[in-house]
Each structure stands twice: as C-alpha cells, then as structure tokens.
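The values are calculated or read from the model by the stated rules, or taken from the named source; none is laboratory data. In this text the structure is predicted, and so the values were computed from the model without any measurement. Cβ sites come from the backbone with ideal geometry, for glycine too, and all protein chains shown count toward neighbours.
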Ligand SMILES: C[S@@+](CC[C@H](N)C(=O)[O-])C[C@H]1O[C@@H](n2cnc3c(N)ncnc32)[C@H](O)[C@@H]1O
C-alpha cells in the first residue's frame, strides 16, 4: 500500500418492497413505475431451494468454469430481478438488504461509495436519499447516475482521499466500500488483500466521517480480525458482521457494518 494509511431499512421491514420509489436512475427497459416487486429475496435465492432451470451447453471456446458461471448467472434470481428493476448489478440487493437490517441510509446527507462500478449501490443510494451528495469511486469507468458524482480513480493512489474529500464538500455520514481486489485463487492471499483494502477504506472513513456516521465494508469470511476489529471497536459504538441473503452462499464474502462513529481521535494502542 503506497499511502501508508494507518496501521492497520428503514423501518426494519425485512420483505418491504423496494421499488416503490422512483426508478429514474435505472436502465431503460426496467419496469419503471411498475408494481413493487420484493427486492430482498427474489425467488427465495437465499434458501438455495431453486432448481437449475437453464443448462448451458459447452462451447468449444468456453472453458468449463465459464460455462458454469454462465449457467449460474442465467439461473440466479437476483440477476433476473436486478435486470427487471433496472439495477446495474445484483449487488444492489446486498446493500438494500443491509440497509433493511441496519438502516444507515436514513438521514445520510453525504455518502461515499468506494468500488462503485457498475453502479448498483450508487443507484440504491440515489433512490433512497434523493438530494444527498453521493460520490462514487472506481478504478473502472462507469456510466453516469443522476445525483451521483463519479470519480474514475484508483483508491490506492495517493491522491484518492483528497479528490474524494473535495468532491464531498464536507463530512460524510456514510462510507460504503464494496471494493474487492482481483482474486488470485489463493484463499489466504485473497483474504489478506481484501483486509488490507478494508483497512485503507477504514482509515479514510475515520478521516471523513461525521460523528455518528456509519462505515460498511466488504470483508471475507472470518470477518475482520485482530487489529482491524479493535480499531473499529475503538472508533465506533457498534461493529457487526452480516451476510445478506443476496451474497452467494458459496462465497466467502461478508460485510462489516460499523456505526456510531465516535469522531476522529487517536488510533488505539
Ligand atoms: C464487487 S464490485 C462492486 C459492485 C458495486 N458495489 C455495485 O453495486 O455495482 C468491486 C469493485 O471494486 C473495484 N475496485 C477494486 N480495486 C479498486 C481500487 N484499487 N480502486 C477503486 N476501485 C477498485 C472494482 O473495479 C470493482 O468495480
């Protein structure tokens, strides 16, 4: 890490329809203004009860693993539902479900979305808190979203924090990070890399969050440990891990939700 940053639902209705709000930020072809589908558990995906409906034939140029990936995509109810509701990614349902549990969008006036592309989380943020200042950052280009300022930027680069702060124009109420470094296939290495990324996102959150603010970050199974967890507990009144139903059961992905930021202060010993 080049920058050397540090050491380290609203209302709680679990199955509340999510698309009763305007869908102005969602793709054409979505059922804008249509009936309100349930976004939280389309097709009961979380229960793993759904049978594979579409089988993909192997093709000469396709590897076995990409055939399996394609088959999984075609049979994933969250993929179908994201397309139907006009979300750019199935990941949108993860943040919807986390918000249903932790209610962090309520009253958020400045929001940062790290690792935002293709934009599902930012779409949800823009829908949930219209008028909020939302700054999305990704190393990959992403299409514009109304009400969201998009920065094409490597978060690990030295200039990233200052660019984000300038775009925000004041302390943030919510810092989201769904950033994931490219996987190596080596579980331990991947775990360490994502924890390092979470550490940097946390350090940034400590710099920009207003007292009472919330930090949501992707980690891997095993959650945040040791120094990182201690640091979070020191700076936030509540630190919880959660795996939203939209997060694939066979994925080690997990989210940490740290709320009640105590305000910038010295790091723990
Ligand atoms: C799982 S995707 C995010 C999906 C997004 N939350 C959504 O709802 O559409 C992870 C993102 O992290 C981004 N990412 C990984 N490393 C990054 C870095 N160093 N700086 C900025 N973005 C990064 C990737 O480009 C990728 O778009």
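Among the residues in segment 262-269, are any surrounded by 16 or more Cβ atoms within 10 Å (Cβ to Cβ) and in contact with a strand residue (DSSP E or B) (Cβ under 9 Å, 6 or more places away or on another chain)? Working first, answer last.
From segment 262-269, those surrounded by 16 or more Cβ atoms within 10 Å (Cβ to Cβ) are none; that's our starting set.
Scanning segment 262-269 turns up no residue that is surrounded by 16 or more Cβ atoms within 10 Å (Cβ to Cβ) and in contact with a strand residue (DSSP E or B) (Cβ under 9 Å, 6 or more places away or on another chain).
Taking segment 172-188, which residues are at pLDDT below 95 and away from the ligand (no atom under 15 Å from the Cβ)?
Answer for segment 172-188, where residues must be at pLDDT below 95 and away from the ligand (no atom under 15 Å from the Cβ): 185, 186, 187, 188.
For segment 179-217, how many residues are touching a helix residue (DSSP H, G or I) at 6+ places or on another chain (Cβ under 7 Å), within 20 Å of residue 238 (Cβ to Cβ) and outside any helix (DSSP H, G or I)?
The total comes to 3.
Where in segment 97-172 are there strands (runs of 3 or more DSSP E), lying fully within it, with 2 or more residues that are surrounded by fewer than 18 Cβ atoms within 10 Å (Cβ to Cβ)? It would help to see each step written out before you state the result.
Numbers: elements: 110-114, 133-138, 148-152.
Filter on segment 97-172 gives 148-152.
Taking residue 119 as the residue in question, decide whether it is modelled with pLDDT of 95 or more, within 13 Å of the ligand (Cβ to nearest atom) and farther than 30 Å from residue 226 by Cα.
Values: modelled with pLDDT of 95 or more: yes; within 13 Å of the ligand (Cβ to nearest atom): yes; farther than 30 Å from residue 226 by Cα: yes.
Spelling it out, residue 119 is indeed modelled with pLDDT of 95 or more, within 13 Å of the ligand (Cβ to nearest atom) and farther than 30 Å from residue 226 by Cα.
Those residues that are modelled with pLDDT of 95 or more and in a strand (DSSP E or B), I need them from segment 219-240; list them, please.
Passing the criteria: 236, 237, 238, 239, 240.
If you take the residues in segment 74-88 that are assigned to a loop (DSSP other than H, G, I, E, B) and modelled with pLDDT under 95, which one is farthest from the ligand (Cβ to nearest atom)?
Here is the first cut: in segment 74-88, the residues assigned to a loop (DSSP other than H, G, I, E, B) are 75-76, 86-88.
Restricting the remaining residues to those that are modelled with pLDDT under 95 gives 75-76.
On the way: 75: 20, 76: 15 Å.
Within segment 74-88, the match that is farthest from the ligand (Cβ to nearest atom) is 75.
Whether any residue in segment 194-214 is surrounded by fewer than 16 Cβ atoms within 10 Å (Cβ to Cβ) and either within 16 Å of the ligand (Cβ to nearest atom) or at pLDDT below 90 (or both) is what I want to check.
Scanning segment 194-214 turns up at least one residue that is surrounded by fewer than 16 Cβ atoms within 10 Å (Cβ to Cβ) and either within 16 Å of the ligand (Cβ to nearest atom) or at pLDDT below 90 (or both).
Going by the conditions given, is residue 169 within 10 Å of the ligand (Cβ to nearest atom) and on the phi > 0 side of the Ramachandran plot?
Values: within 10 Å of the ligand (Cβ to nearest atom): no; on the phi > 0 side of the Ramachandran plot: yes.
So residue 169 does not fit the description; no.
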